[in-house]
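Written below as structure tokens is the structure these notes are about.
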Amino acid sequence: MTEGLFPVERARAEVAPGAVHVPGWLSAERQRELVAACREWGRGPVPFQHTVLPGGGVMSVQTLCLGWRWEPYRYVPGTAELPAWLAGLGREALVAAYGEHGGYAPDTALVNFYDAGAGAKMGMHRDREERSGAPVVSLSLGDTCVFRFGNTENRGRPYTDVELVSGDLFVFGGPSRFAYHGVPKVYGGTADPALGLAGRLNITLRETGLS
Ligand SMILES: O=C(O)CCC(=O)C(=O)O
Ligand SMILES: [Fe+2]
């Protein structure tokens, strides 16, 4: 977001070792294609759902999975396929972030929908149900959010708050692969109306290491 007199610089940044933010990575056309794909996936066989946590809490985010299906706190075989083109986009993302993809073969995609009006957010957590140390590729669409990227020890400081805007790529791998992260805030109404999306979509690609 632009605040006050000084536009905030949106340059590529290594937020922590192995954690790379590439602003504006997806073209407007690719963003529209991804939004359309998310809509299609939402029509079935698995709809977007609020995940219920073992303690009874309900996540404010709505999620669907392609490939392996994440449920707290494990992966189970899913019913929706992860398209080859999306895995290919994941490899392209790693080339953009690291200069090479290292044979990246994501076998699950978590698609999260944040309804900003309903206050959807995500608490600090680690993506740690995967048995592979391969990077997580994160693509953002729609409303701008604050993405909090922390450390591998605890949910608190040190952390860095990054604004993820529609089209941004964020990759975390290497020493940052199992770092805590979360989405404390989504700025409702910030999506480009031309995208035709009210709210925020985030797609993360991962290798589960399962077979
Ligand atoms: O929405 C985001 O940017 C992050 C999502 C996330 O951390 C997750 O799905 O595990
Ligand atoms: Fe996560």
Exercise. Could you pull out every residue, at least 5 positions away or on a different chain, whose amide H is within less than 5 Å of the one on T190? Hs are placed 1.01 Å off N in the peptide plane, and Pro or chain starts have none.
Key: T144
Quiz item: Using the C-alpha atoms of the range 37-80, what convex hull volume per residue, in cubic angstrom, is computed?
Solution: 63 Å³
Practice problem: Hand me the GluC sites (Glu not before Pro) from the range 132-211 located in a DSSP loop with no more than 15 other Cβ atoms within 10 Å, in residue order please. | Solution: E153
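With +1 on each Lys and Arg Cβ and -1 on each Asp and Glu Cβ, and nothing else charged, work out how big the dipole of the chain is about its Cα centre, in Debye to the nearest 20. Mind showing how you got there, number by number?
Working: 20 positive and 22 negative charges, 88 e Å.
Using only the charged Cβ atoms, the result is roughly 420 debye.
Give me Rg over Rh for the range 135-181, both radii from the alpha carbons and Rh done the Kirkwood way, two decimal places. Don't skip to the end; give the middle numbers.
Details: Rg = 11.0 Å, Rh = 11.1 Å.
With Rh from the inverse mean 1/r over Cα pairs, Rg/Rh is 0.98.
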Quiz item: Most fluctuating residue of S27, S140, S60 in a GNM of the chain with Cα springs under 10 Å: which is it?
Solution: S27
Quiz item: Using θ = phi - 60° and the Karplus curve 6.51 cos²θ - 1.76 cosθ + 1.60, what whole-Hz ³J(HN,Hα) does each residue of the range 103-116 get, with Gly and Pro shown as x?
Solution: x, 3, 9, x, 10, 8, 10, 9, 10, 10, 10, 10, 8, 4
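At 222 nm, what helix-only mean residue ellipticity would the chain give, in deg cm²/dmol to the nearest 500, using -39500 (n - 2.57) for each DSSP H run of four or more? Spell out each step's value before the answer.
Details: 2 runs with 30 residues, N = 211.
Only helices count here, giving -4500 deg cm²/dmol.
Around V186, with a cut-off of 14 angstrom between Cβ atoms, what is the net charge of the other residues, counting Lys and Arg +1 and Asp and Glu -1? Could you put the intermediate results ahead of the total?
Numbers: positive: K121, R148, K185, R200; negative: D115, D143, D161, E163, D168.
That sum, taken over residues with Cβ under 14 Å, equals -1.
Could you please state how large a percent of the accessible area of the range 26-206 is carbon and sulfur, counting protein chains only and using a 1.4 Å probe?
Values: 4070 of 7990 Å².
Carbon with sulfur: 51 percent of the solvent-accessible area.
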Self-check item: Contact order normalised by residue count of the chain, Cα under 8 Å, 6+ apart, percent
Solution: 27 percent
Quiz item: Say we join alpha carbon atoms closer than 10 Å with springs in a Gaussian network model of the chain; which of L34, L141, L53 then has the biggest fluctuation?
Solution: L53
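Please give the net charge around T63, taking every other residue with its beta carbon less than 10 angstrom from that of T63, where Lys and Arg add +1 and Asp and Glu add -1.
On the way: positive: R69; negative: E71.
That sum, taken over residues with Cβ under 10 Å, equals 0.
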Practice problem: Compute the accessible area per residue over the chain, keeping the other protein chains in place, probe 1.4 Å, unit Å². | Solution: 48 Å²
Quiz prompt | Hull-based mean projected area of the chain, where the convex hull spans the alpha carbons, in square nanometres | solution = 11.6 nm²
Exercise. Enumerate the amide H contacts of G123 below 5 Å, restricted to partners 5 or more residues apart or on another chain; note that Pro and chain-start residues carry no placed amide H.
Key: V183
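Treat every Asp and Glu Cβ in the range 30-151 as -1 and every Lys and Arg Cβ as +1, leave all other atoms uncharged, and give the resulting dipole magnitude about the Cα centre to the nearest 20 debye. Display every interim value, and only then the final one.
Working: 12 positive and 12 negative charges, 39 e Å.
Its charge dipole is roughly 180 debye.
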Self-check item: Under Karplus coefficients 6.51, -1.76 and 1.60, residue-wise ³J(HN,Hα) of the range 68-81 in Hz, glycine/proline x
Solution: 4, 9, 7, 9, x, 10, 6, 9, 10, x, x, 10, 9, 7
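The values are calculated or read from the model by the stated rules, or taken from the named source; none is laboratory data. Remember, it's a predicted structure, so these values are computed and weren't measured experimentally. Note that each Cβ is placed from the backbone with ideal geometry, even for glycine, and that neighbours are counted across all protein chains shown. SASA here: full protein model, heavy atoms, side chains in, ligands and nucleic acids out. Shrake-Rupley method; radii C 1.70, N 1.55, O 1.52, S 1.80 Å.
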